[in-house]
Amino acid sequence: MELPMVSRSGYLNRLVFQRISIGEKNTVSKIQIENFPGGAEIFELVVKFCYGWKVDLTAANIAPAYCAAHFLEMSDDLEQGNLISKAETFLSFILLTSWKDIFQILKSCEAISSWAKELQVLKRCSEAIAWKASMDPKKFTAYDDDSLCFNAQSNNARNSQHSCVAENWWFDDVSFLRLDHFLEVIESIKTKGVRPELVGSCIAHWTEKWLSQIPFGQHNRPTNQLLKVTAESLIKVLPEEKNSVSCNFLLHLLKLGRMMRIKFELLNKLEQRIAHMLEQCSASDLLVRNHGSTDSVYDVRIIRRVVRSYVSSMLLYPTQRIYIVGKLVDGYLAMIARDEKLSIKQFQLLTEALPKDARYCDDNLYRAMDMYLKAHPSLTEEGRTSICKAMDYHKLSQEARQHAMKNERLPLYISMRLVLLEQVNMTKSMTTTGSNYRRTKTQTIIRISKGLDEECMTPLKEISMMKQEVENMKMQLNALQKCKMQLQRQVLKGCIV
């Protein structure tokens, strides 16, 4: 007597007759199947189907049932209306008509990933999602909170009902997918012509959701490996188009990649991409939080790496737009300056990451430095000197110089040079008053007016005396600065009695 399962399954039919042919007639009653898709629950469903019992195919079991039917080779060649064709019809119906059920199918594929990929279930689900995501959301309507179908109502009614539907209506559903399924969906969405900016936003949305579930500082080896694979995969799948992904998201991705020590070529590619975006960024775009209790609030090292990458590219292709990045970095410095845990070294290295000619005016840099000095009042003279090292006081505006001359937080050498600069400017002004200038294209002729020789003797003498006073002041200030720094060293070493 022929068994229903054997008659409907090419796999079982072949297995049984192979055993019979080699003389195992007495052992045919027991067959063990390894790696059956869906396990015992789906096998029971197949048995019920073969014996004509009622079988309920749902979004939760259609994928494993479909894979099991192919595993057992249950085609219509053996019997009309066999399980492969039944499962195919139901799967196609869901993919065409139900939005929510597609994600339930993908969820059920996690346990049978290799089979689902081989039989194109993952690809078909991804393409169905991409097809719907690429279309105008006004063409869809939701019902019963679990499916999304075409809406056949009039244009006026449809526009009224969906006027508030945004282009990213599908982000939340896609964000629940695990990494390999998400990547499959993104690749399908790209092929459907969805705007790169929307694809980039979706990747950022997914990343933020998944990384928020992982507490930093509590990673184990499997988690670190998953994070490494995630970072590398996301970098590879990012849309290449300009401004398709925000600078802030890329910086967070770069931080993750450096923490997980991903491949150097991927890190370098990401750094260069961010560097080319700096000219369009705002200071707030550069804020990437640290998570260690002893770290500064924001990751300054990663910004310095990107700025250095930008400078390297500018050496090959010089541009006046470097002033924009100079202003950007100074604005960022001002935003992080009040952080009590921000070290002198980190602040100084970032101020020096740009070349001297990256700033046509140092007012913004001075403001950031002053904010740092104000937030760190216990700095030594050496520390304050290091903070202000990158500032060129010649590039300060008159207003900034006047403020700096009265600023007691600045190191002594800056105050000294500002006073000297003011004296030099006064000297130039007096010299100019006593002379008459006539300029040509090739030379400058200074002509002292006749009859003023005797009258100019007094101002010239005063200028000479002023220069001598400036030199004396310079020597005294240098001596005072050395003495002050020496005393501070002794205090730090605890050598003062």
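Shown here for region 234-304: trypsin sites (Lys or Arg not before Pro) in loop regions (DSSP other than H, G, I, E, B) with at most 12 other Cβ atoms within 10 Å, namely 242, 261.
Accessible area per residue for region 306-405, computed on protein heavy atoms with a 1.4 Å probe, is 49 Å².
Where the centre of each part is set by its Cα atoms, how far does region 65-121 sit from region 225-240, in angstrom? Computed from Cα coordinates, the inter-centre distance equals 29 Å.
Can you pull the percent of region 71-113's accessible area that's carbon plus sulfur, 1.4 Å probe, other chains left in place? In region 71-113, the share of accessible area belonging to carbon and sulfur is 57 percent.
Counting Cα-Cα pairs of region 243-364 in 5 Å increments starting at 0 gives whole-percent bin shares of 2, 11, 23, 24, 21, 13, 5, 1, 0. Taking chymotrypsin sites (Phe, Trp or Tyr not before Pro) across region 171-231, the ones in a DSSP loop with at most 15 further Cβ atoms lying within 10 angstrom of their Cβ are 176, 216.
Report the local net charge at residue 67: Lys and Arg +1, Asp and Glu -1, summed over other residues whose C-beta lies under 11 Å from its C-beta. Local charge sum for residue 67: 0. Inter-label distance, residue 113 to residue 272: 3.1 nm, where each label sits 7 Å from its Cα along the C-beta direction.
Overall size of region 4-122 from C-alpha positions, given as principal axis extents largest first: 52, 27, 21 Å.
Loop-located chymotrypsin sites (Phe, Trp or Tyr not before Pro) in region 341-405 (DSSP state not H, G, I, E or B) with no more than 12 neighbouring Cβ atoms inside 10 Å: 360.
Using the average count of surrounding beta-carbon atoms within 10 Å as a protection proxy, the listed peptides 48-57, 327-336 rank, highest first, as 327-336, 48-57. Shown for region 1-131: lysine pairs separated by 8 or more places, or found on different chains, whose C-alpha atoms are under 23 Å apart, numbering 11. Within the shell of other residues whose beta carbon sits under 10 angstrom from the beta carbon of residue 334, the net charge comes to 0, with Lys and Arg scored +1 and Asp and Glu -1.
The convex hull built on the alpha-carbon positions of region 274-332 has an orientation-averaged projected area of 4.0 nm². Which pairs break 27 Å Cα to Cα here: 228/345; 269/395; 228/269? Violating the 27 Å limit, Cα to Cα: 228/345; 269/395. Once R0 is set to 30 Å, what does the formula 1/(1 + (r/R0)^6) return for the Cβ-Cβ distance between residue 263 and residue 284, expressed as a FRET efficiency to the nearest 0.05? Plugging the Cβ-Cβ distance into 1/(1 + (r/R0)^6) gives 0.50. Remark: relative contact order (region 231-380) = 22 percent; criterion is Cα-Cα distance under 8 angstrom and separation of 6 or more residues.
Evaluate E = 1/(1 + (r/R0)^6) for residue 405 and residue 173, where r is the Cβ-Cβ distance and R0 equals 56 Å; express this FRET efficiency to the nearest 0.05.
Details: r = 62 Å, r/R0 = 1.10.
The value I calculate is 0.35.
When the alpha carbon gyration tensor of region 35-90 is reduced to an equivalent ellipsoid, its three semi-axes come out at 15, 12, 11 angstrom, largest first.
For region 312-416, what is the convex hull volume of its Cα atoms per residue in Å³?
97 Å³
The values are calculated or read from the model by the stated rules, or taken from the named source; none is laboratory data. Quick caveat: nothing in here was measured; it's all calculated off a predicted structure. Quick reminder, even Gly has a Cβ in these numbers, built from the backbone with ideal geometry, and neighbours come from all protein chains shown. Surface areas here come from the heavy atoms of the whole protein model, side chains and all, with no ligands, DNA or RNA. Shrake-Rupley method; radii C 1.70, N 1.55, O 1.52, S 1.80 Å.
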